[in-house]
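Worksheet: the structure to be examined is printed underneath.
The values are calculated or read from the model by the stated rules, or taken from the named source; none is laboratory data. Just so it is clear, the structure is predicted and the values come from calculations on it, not from any experiment. Cβ coordinates were reconstructed from backbone atoms using ideal geometry, including for glycine residues, and neighbour counts include every protein chain displayed.
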Amino acid sequence: MLLQSLPNHDHAMNTRESILTAGVALLEARGIAALTQPQVAKAAGVTQSHLTYYFPKRGDLLLGIAEHSITKVMATLAERLAQRAPQTALADTLAEAMVSGVPPRLMVGLVVAADADPAIRERLRDLVRGIRDNIAMLLSKAGLTSIPEAPLLFHASVVGLALLYQARLNQEAAREVQQGIAAMLRLLAARA
């Protein structure tokens with residue numbers, strides 16, 4: 001009897017995954033304004049109460065989608081690192097992620113959400129720290145950490161290029177993202 005009353009862990013993970021996947025799809029199709037709890041719940045095929053069980057506030061939802069999208073980028077990058085030169089894998093994967101708009105749009109949405117909810121700011125700090133740690137690890141694997149500030153400089157450059165792309169949304173800006181990331185990697189390689 002007790003086993004029947006326990007929630008199905010696989011079902012719960014599938015529901016959460018469905019919500020996060022729907023959130024990414026909505027963000028790609030309609031932008032950050034579409035990431036409301038009712039719209040994401042509808043897109044995921046769940047009730048709003050199911051969504052709020054996992055993500056009580058919009059900021060929680062944005063953080064969840066951000067973490068989910070970063071995990072996907074890191075998984076893609078791991079696959080590509082096994083097949084390509086590290087600098088090529090880094091440049092291609094990060095440029096694609098930034099031009100897709102998911103990470104930069106989420107970051108902007110989280111900054112705005114953190115203005116209204118200080119708890120989001122603390123979690124956003126943790127997210128940025130985690131991203132920076134991942135960047136440091138990736139640059140180290142590629143032999144590109146001869147200067148201690150390499151992860152900071154690389155991260156800031158990628159974010160800046162991504163935001164400039166989002167402001168313009170054209171082919172020139174997309175090329176600049178690719179060229180800028182590749183140039184930063186070349187500069188770091190020259191210092192190695």
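Let's see how each residue does on (1) over 28 Å from Ser140 (Cβ atoms); (2) modelled with pLDDT under 95; (3) in contact with a Phe, Trp or Tyr (Cβ under 9 Å, 6 or more places away or on another chain):
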{"position": "Val40", "(1), (2), (3)": "yes, no, yes"}
{"position": "His50", "(1), (2), (3)": "yes, yes, no"}
{"position": "Gly59", "(1), (2), (3)": "yes, yes, no"}
{"position": "Thr76", "(1), (2), (3)": "no, yes, no"}
{"position": "Gln83", "(1), (2), (3)": "no, yes, no"}
{"position": "Gln87", "(1), (2), (3)": "no, yes, no"}
{"position": "Thr93", "(1), (2), (3)": "no, yes, no"}
{"position": "Glu96", "(1), (2), (3)": "no, yes, no"}
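Among what's in region 166-183 and is of a type in the set (D, E, K, R) and farther than 19 Å from Val102 by Cβ, pick the residue that is surrounded by the most Cβ atoms within 10 Å (Cβ to Cβ).
Here the answer is Arg175.
Might you let me know whether region 145-157 holds any residue that is in contact (Cβ under 8 Å) with a residue 40 or more places away in the chain and under 18 Å from Ala78 (Cβ atoms)?
Taking every residue of region 145-157 in turn, none turns out to be in contact (Cβ under 8 Å) with a residue 40 or more places away in the chain and under 18 Å from Ala78 (Cβ atoms).
Identify, from the list Ala75, Ala91, the residue that is assigned to a helix (DSSP H, G or I), small (Gly, Ala, Ser), over 11 Å from the mean Cα position of the chain (by Cα) and crowded, with 16+ Cβ neighbours inside 10 Å.
Ala91
Would a scan of region 44-55 turn up a residue that is among the aliphatic types (A, V, I, L, M) and either loosely packed, with under 15 Cβ neighbours inside 10 Å or out of contact with any helix residue (DSSP H, G or I) (no Cβ under 8 Å at 6 or more places or on another chain) (or both)?
No, region 44-55 contains no residue that is among the aliphatic types (A, V, I, L, M) and either loosely packed, with under 15 Cβ neighbours inside 10 Å or out of contact with any helix residue (DSSP H, G or I) (no Cβ under 8 Å at 6 or more places or on another chain) (or both).
For region 97-129, give me the residue count where each residue is over 11 Å from the mean Cα position of the chain (by Cα) and either in a helix (DSSP H, G or I) or not assigned by TED's automatic domain parsing to the domain that holds Leu187 (or both).
Residues in region 97-129 being over 11 Å from the mean Cα position of the chain (by Cα) and either in a helix (DSSP H, G or I) or not assigned by TED's automatic domain parsing to the domain that holds Leu187 (or both): 20 in total.
Condition first: part of a helix (DSSP H, G or I), buried (at least 17 other Cβ atoms within 10 Å of the Cβ) and not hydroxyl-bearing (Ser, Thr, Tyr). Now tell me which residues in region 141-165 satisfy that.
Residues satisfying the conditions are Ala150, Pro151, Phe154, His155, Val158, Leu161, Ala162.
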